[in-house]
Each structure stands twice: as C-alpha cells, then as structure tokens.
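Below is one structure, written out as structure tokens; the observations come after it.
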C-alpha cells in the first residue's frame, strides 16, 4: 500500500467533518446559528426555542444604525436581512428566516447595555456539553459557547487532546495534552496534536491537515479594557520535544496561555493589547499567575512570538482609550503545536480564568 493511497484515505477521513444538517428531502431548519453586529460587546445570546437573540452593546452607542457584520444560518436557509444590512435596536427588531422547505420563522433581536467590566462566560471551565459525536466541548451548548478546541479535527483520528477533568466535587478543569497522531500522520509531517482551548469556533469545512489553525475562527466579541488576567494552571512537559520531522530539539516543550485584544473593522484587524504567558517548567500543583496587558505596540525586548504576524497595531494615540471589538484567548499544551512541534505527553491544566480591571 503506497503512501499516496494512505494520504488520500487520511484526507477522506478529515472531509467527513464537512457534514452539516444534510438529510434526504428538503431541510426544515431555519435557525440563526451565530450573529455579530457593529459595536457588539459579547457573544450574542441565541435562544433557539423562543427564536430570540439578545445582543449586548456598550452604553453610549447609537443603537439606531447597527450593521450586521456576520450571520450564520441553518444549512440552505435564507434571511430577509443579511451582512451589511442595518438594524434599529432602539426597539425590538425582527428577522425572517426561511428554511429550504419554505418554512418561515420570525426571530426577534434586541439590545442590552453591556457591562463596563465584562468577564468571559464559563471562564471557570465548569460547563461542558456533549457533542453529537459523543465527546465533550466547553460551554453550555454548541449555540451558547464562546469556547472551542481542536477536538472536532483530532476526534476523526480517534484522539481527544482537550478534555474536562473533575479535580474536586463539581470543580472541573480543562486538561490539554499533546498526543501522537500516529505513524501515518507522522509520515506526512503532522506527527502531533497539541491540546488547546480558545475563544472562537472550529469550522470543519476549513480543515487542512498541514495547518491546524486553518479551521479555527479565533476570537469573540468583547468591549472591555482589562489591565491583566489571572488563571490557575499546572504543567508537565513531555520528555522529548521534537519538530515535525521527528528531530529532537535543543530545548524543552512549553505551554502557551495568552489573550489578545483586537480592533476589527472594514480596514482590517489591528492589535490593541497583548498579555502572553509561556512556561517550560514543570508545575505540579495548580498555581495562579497574573499576566498584565500591554496596550499598543509591544516594546523592543518583547519575544517575537508575541508580536502580530502582520505587524499591525492600533495607532499609538488611540491605544490608551479605544475599546476592543474582539478578544482572543488561547491555551496550548505545546507552544509550537501549530507547526507540529512538541513533546508527546505534555499536559497543561487550566482553570478559573479571570479578567482584572482597575
């Protein structure tokens, strides 16, 4: 059996993840799966049962001309409002979603004033829901979570790199472990999967075995300006830190835990603030660390990995006062897992993430 055939089989398995709400006949699903609007302060609260969406907007924003920036509906469904259309959220707005079979459903959309000092929902990682495939993901449900992991991709290989672990009665932590993907994956220089948890969504339609982050839409709407974050963690790096070719590296594995605040608009994405923690030491017991945010451009002595890849920051004069539009949190059991470098067996536990304000 040659390598090309094995590779085709491998890719075919990954493509299984592209299945949506397909079935025989016309779909009757007419749901709003996700929505983002201008000035949105946090993930929209989507109530599927009552066909209602509540969106938090910071105080002082003109609610009469809010624009839809992102909208995901059930497969094959259409809406009378689309990306770019305005919403007048000084009142309850309506959106009519028509399913493939012609069934129309009226959704209501309303605004709430956001907190000045917001926290991230489920940041204690105590809530996990069971997916249709049987494994667990962080959050109350697929439609009501800001959290994602790489499990939708790795579970196709029979692997789960991110799992909940109960360490005390009712207290769960996220366990992130770097796993070996198998000899076949190693042949194609994708030998490991790092355990990860992040704010964002895993999009199975974009799975690329050569790029673990290709299927991830990082970030969640957010409008606060925290000065720091703190988190409890423990870490046990694996014994052999290797690159994607299986060569031993001259340094040990390390975990990554970081938060980026960004401003995303029509002119592109720009970094507002950075708070980054990387550790290569073994930490046996859950330990709390506090990491400060640096607003604006990072200083010259900041590590290269913490800088935006495109070098784009908000302007120096605005960094001191403008709110972000999005927050990206990432924790990984292997800092270089995205380039398939890491130590099999590296384990990171994270718990009780909290944003610190003045």
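Readers should treat all values here as calculations from the given coordinates under stated rules, not as data from a laboratory. What you see is a predicted model; the values in this text were computed from it and never measured. Neighbour counts run over all protein chains shown; Cβ positions are idealised from the backbone, glycine included.
Some points to look at:
- Counting only DSSP H runs of at least 4 residues, each contributing -39500 (n - 2.57), and dividing by the residue count of the chain, the helix-based mean residue ellipticity at 222 nm comes to -1500 deg cm²/dmol.
- Largest GNM mean-square fluctuation across 169, 243, 256, computed for the chain with C-alpha springs under 10 Å, falls on 169.
- Considering only beta bridges that DSSP places wholly inside the chain, some 90 percent are antiparallel.
- The separation of region 63-88 from region 30-45, counted between C-alpha centres, amounts to 9 Å.
- Cα shape, the chain, gyration tensor, a/c 1.5 rule: oblate
- Mean separation of Cα contacts under 8 Å (6+ apart) over length of the chain, as relative contact order %: 17 percent
- In terms of surrounding Cβ atoms within a 10 Å radius of their Cβ, 294, 199, 145 rank from fewest to most as 294, 145, 199.
- Three-way shape call for region 44-86 based on the alpha-carbon gyration tensor, with the a/c threshold at 1.5: oblate
- Separation of the residue 72 and residue 251 label points, Cα + 7 Å toward Cβ, nm: 3.5 nm
- Scoring 299-311, 78-90 by mean Cβ neighbours within 10 Å over their residues and listing the highest first yields 78-90, 299-311.
- For the options 188, 125, 340, a Gaussian network treatment of the chain with springs between C-alpha atoms closer than 10 Å singles out 188 as fluctuating the most.
- Residue separation of residue 352 and residue 307 scaled by 0.36 nm, minus their Cα-Cα distance, works out to 13.6 nm of gained length.
- Percent RCO, i.e. relative contact order, over region 32-113, from Cα pairs under 8 Å lying at least 6 residues apart: 31 percent
- Here the spin labels are modelled as points 7 Å beyond Cα on the Cα-Cβ line, and at residue 131 and residue 321 they lie 4.5 nm apart.
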